[in-house]
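Written below as structure tokens is the structure these notes are about.
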Amino acid sequence: MTGSSGSAAQPKPYRPPFTAHPSAAAEFEPNAVMVKFKPKATTSARRAAVSKAGGSTEGSVASNVVKIKGELSAPDLLKKLKADPNVELASLNYKRYISAVPNDEYYNTDQKTYLGTARVPQAWDLSKSTGNQTVAVLDTGVDAGHPDLVGHLVAGYNATSPNRGPIDDNGHGTMTLGIIAAAANNGVGVAGVGWNVKAMPVKVLDSNGGGYDVDIAEGIDWAAAHGAKVINMSLGGPGDNPVLHDAVKRAVAGGVTVVVAAGNSGTDELQYPAAYPEAIAVAATNAGGVLTDFSSYGDWVDVAAPGWNILSTGARNLTPPEYAPYWYCTGTSCSAPIVTGIAALVKNKWPSFTPDQVAQRLEVLARDAGPRGIDPYYGHGIVDAYAALGGRFAPDFPVNPEDNLDQPSRSFPVAVPAGGSKSVTSTISVEGDVDWYQVTSATNRNLKVSVTGPLFSCAYSVNFGPRIDVYNGSLLPLGHAVNPYPSTPTDPATGCPTATTLTASVNVSASDVTFIAVRNDNGSRDTRKYTLTVSEEGAGSTPSGTAYPVVDVKPNDLSAAAPLTTTPLVMFARTVVAGSVNPTTVRLLNGRTGTAVGAMIAFDAGTRLATIKPTVPLLDNTPYRIVVNGVQGDGGTLAPFTSVFSTVDQGPAAAGAFDATGAYLAANLSWKVPPTGDLDQVIVRRNPTSKPPTSTTGTLVYAGTGSAVKDTGLAQGVTYTYAAWVKDRGGKVSPAATTQLLGMKTGISTTSTSINYGGTITLRGSTLRIDNKAYAGLPTNLYVRPKNSSKFTLLAALKTSATGTVSFAYKPSVSSVFMMTFPGNTDLMGTRTPDITVNVAPTISATMTPTSIKLGSTTAISGYVAPPHAGQSVYLQQYGNKVWKSIASLKLTSSGKYAFGIRPATRGQIAYRIWFPGDADHAQAFSATKIATIS
């Protein structure tokens, strides 16, 4: 017997070494440019343009994008080609970099944590497939043999070396593609966001993670031409390239959704292609939904998603043998694929959606985070996969309260003694928060302003990168300093930046106030304290920085619970041109939608105070943004200014005009949704009594954001009472609005249920409340249908008398079914009577001639059937032995005439009659009995 015991060490996921951010300066190929020729430019004209510029091409001049190389520098070559009349677009061939920032520190974080932030697991309950929505990943290629990707790849392309496949020689592409497309529910590895995806690897970056725009544009065109419905680009860098932009626009115009990493500069410098409006730009958060310190930010960011310690597939040949081929990914490179996977799920559920509609669904249904409303850090918020696929939303991510240091007018006084120093501590608790301080000086002196932040740690997703701006009493710049993160200094052991004390030295004047603004230059928040120290020392410096435009704004920036009667105010720091303060330069926007709020602008030049008077009511629990841009001062145009505030969450008002109209076994309800900035749903419930339901009793009729519903399946003769509540996203519920429909009962009768053809009946009905109260003038509709038909038609529209009754005389031509209805109104339920049947028998005339005959002779019986019933059989019946027996039959003529000849076989008196057996239209009928005397 042989065996073994113990447990082998399991291979761990691999964490690549830390890689610093790429340079913030735009890089481009030194002797090459990108060109898009005009569509009408001939091949010879294109070649001539290349020759005039002294260049050459690597491919066909007929391509969408042509790379032209020459002896001249790229900027000089660009000038020549832009001047050529055959060129539509031309640009430097910028270099882009992967957006991931791998960290050297290992955290054993499972997927559920960060995917739960974007509510991906809940979304999988709604959809586990992207169907035929192929996702192209433009990156460093892919390890096509990775066991977690096998079966999930379609043919790809290598734009950097077209004769080679998209082999991943960096590892970044395998990581980003795996976040989207790793096989789910296969018992190994990780689950891709798309659960079951077909991914298209397109290599546009080299082994160092860099690549030029000409290859990226080619990759976009190739992916779009080969069936990609969604493109992920976890790459970017500064430098606007109109040719690259044109490639993005072509793809989007062709129905392709383009998702791009926002970048990892930790600044608001524009990153491309993320900044192109057609793309969905994705910022990065940690698993708790907090913006990371490396994530680029700006008004061009659309949504955010987790991008810290995202576990994904890794290239096997680049993974050390002691590790499993799964890598931790940190950066906006890792947040963009999460959004891409969700976009593919959305596109699969609604295949007809345009890229704009996909983007709108992701943005509008994102969960707000950071400053309320659309902001430069999270865009519309953190993407919510479950809501995007039709599920219920989750509450917004919480935001920390502002600290009342948001503007110079609320600056904290720091008393710096002559020759001494003073220190204070605070935090940057909200993204974009600015802390203002003031120092008063009795004499001219030099001040040294220092900020020491908490220890920088690569283990943290959020770190403080201080920025200092110093101004005089008129808010003109005296000094400016920005932290050097992440360039220097760094810890040689880890490659991580270290803590830094940032310093600005300034000269200040006697009897003047010195204002100091401290903020986190990377835009994120850090609840750890920083220390501001101001001391009288140093040699001062030449003023630097940008003048601050305002001294005060109301309500406070980042404040909440502003009254709905708020009139926003902006006080400028210096004299401005009165005519430049107008509704175009000073605006109030809805912070959630970005749309302008109607407002009048009043300006007092003496106090420099602009008053924004809304012309429409402000909505509760709604963010608003004050935007100042284009106001002119003595020194030119003031720097742009923006401030955000939210209104009080007072809860929604009751549903307006809530009313119900009764119908038969149904009710039609309608209401007006009150103005509210954060509507969750309108809830309608009913009780089958005169007592209104509560929010937890009765039967749920409706829950949604509409303004009407039809309630079906109701019972007749029952009073229904309805109540409606409006609920906001904060969970607050309005007072109930109620309405009632009283139960009704109806009856129908007829003077006869059997008549002969040509006869008249009187139909009588009643419509009464269930307590027998009568209403005069109620519309009561009388319907009829042939007995052999199922379709009723309106016979008469009647009105009830003071006793609630109606009557109608009618001459039915066929056997008929009758019923009456009361359609209902705004107070009463509709009703319907049971069916009542009236059988109509035809009339049969009969004449016997002669009535007396000799035995052996013949007599005749003849007549007509009305209505005629041409072709129908009638029967001659003879009475004997106390029963009638049919002895002959014939078919009626077109006029309904019949005639029978009779030759009795015995003497005596014999009774005869004609029998019509009945059909679908009429009941059976008999003629009068005729007596023949035989002697």
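Counting pairs of alpha carbon atoms under 8 Å apart in space and at least six apart in sequence, what relative contact order in percent does the range 254-374 give? Mind showing how you got there, number by number?
On the way: 219 pairs, mean separation 32.1, N = 121.
Dividing the mean separation by the residue count of the range 254-374 yields 26 percent.
Would you list, by chain and number, the aspartates and glutamates whose Cα falls below 14 Å from the Cα of LYS52, excluding same-chain residues fewer than 8 positions away?
GLU71, ASP76, ASP84
Where in the chain lies the longest segment free of GluC sites (Glu not before Pro) that are both loop residues by DSSP (not H, G, I, E, B) and have at most 15 other Cβ atoms within 10 Å?
Numbers: sites that count: GLU58, GLU71, GLU105, GLU322, GLU537.
Here the longest run is 538-935.
Give the cross-link partners of LYS745 among the lysines, using a straight C-alpha distance below 22 Å as the criterion and excluding same-chain residues fewer than 8 apart.
Of all the lysines, those that pass the test against LYS745 - Cα under 22 Å, at least 8 places apart if same chain - are LYS691, LYS710, LYS773, LYS799.
Note the listed values (1) 52.9; (2) 69.4; (3) 40.5, then indicate which one is mean projected area of the Cα convex hull in nm² calculated from this particular structure.
(2)
Please count, across the range 843-934, the pairs of lysine residues with Cα atoms under 21 Å apart that sit 8 or more places apart or on different chains.
Values: LYS854/LYS930; LYS882/LYS930; LYS885/LYS930; LYS891/LYS930; LYS897/LYS930.
Step by step, the pairs that qualify in the range 843-934 add up to 5.
With a sphere of radius 13 Å drawn around the Cβ of ALA888, what net charge do the other residues whose Cβ falls strictly inside it have (Lys, Arg +1; Asp, Glu -1)? Display every interim value, and only then the final one.
Values: positive: LYS885, LYS891, ARG903, ARG913; negative: none.
Overall, the nearby charge balance is +4.
How high is the relative contact order of the range 387-444? Use alpha-carbon pairs under 8 Å, at least six apart in sequence, and give a whole percent. Numbers along the way, then the final one.
Working: 51 pairs, mean separation 22.8, N = 58.
The normalised contact order for the range 387-444 reaches 39 percent.
For a quick check: with amide H placed at 1.01 Å from N, whose amide H comes under 5 Å from ASP143's, ignoring anything fewer than 5 positions away on the same chain?
Residues meeting the amide H criterion: ASP168, THR174.
Please give the calculated 222 nm ellipticity per residue for the chain, where each DSSP H segment of at least 4 residues contributes -39500 (n - 2.57) and the sum is spread over every residue; nearest 500 deg cm²/dmol? Present the calculation step by step, with values, prior to reporting the outcome.
Details: 10 runs with 98 residues, N = 935.
Estimated from H runs of four or more residues: -3000 deg cm²/dmol.
Let me have the relative contact order for the chain, percent, based on Cα pairs under 8 Å that are six or more residues apart.
Values: 2630 pairs, mean separation 64.3, N = 935.
Relative CO of the chain lands at 7 percent.
Suppose R0 equals 35 Å; then what is the FRET efficiency for ALA809 and ALA870 from their Cβ-Cβ distance, rounded to the nearest 0.05? Don't jump to the answer; show the numbers that get you there.
Details: r = 30 Å, r/R0 = 0.85.
My answer for the efficiency is 0.75.
Give the order of ASP299, ASP526 when sorted by the count of other beta carbons within 10 angstrom, beginning with the fewest. Each step should come with its number before you reach the end.
On the way: ASP299 13, ASP526 21.
By the 10 Å Cβ count, ascending: ASP299, ASP526.
With labels modelled as points extended 7 Å from the Cα through the Cβ direction, what inter-label distance (nm, one decimal) is found for ILE770 paired with ASN163?
8.7
Which links in LYS112/LYS529; LYS67/LYS203; LYS69/LYS229; LYS554/LYS672 stretch past 23 Å when you go from one Cα to the other? Numbers along the way, then the final one.
Numbers: LYS112/LYS529 31 Å; LYS67/LYS203 17 Å; LYS69/LYS229 33 Å; LYS554/LYS672 33 Å.
Pairs exceeding the cut-off: LYS112/LYS529; LYS69/LYS229; LYS554/LYS672.
With 10 angstrom as the radius, rank TYR879, TYR912 by how many other C-beta atoms surround their C-beta, starting from the fewest. It would help to have the intermediate numbers written out before the result.
On the way: TYR879 14, TYR912 22.
Going from sparsest to densest Cβ surroundings: TYR879, TYR912.
Since every read-out is calculated from the coordinates, none of them should be taken as a lab result. Every value quoted in this text rests on a predicted model; they were computed, and no experiment measured them. Every residue, glycine among them, receives a Cβ derived from its backbone with ideal geometry; neighbour counts consider all protein chains shown.
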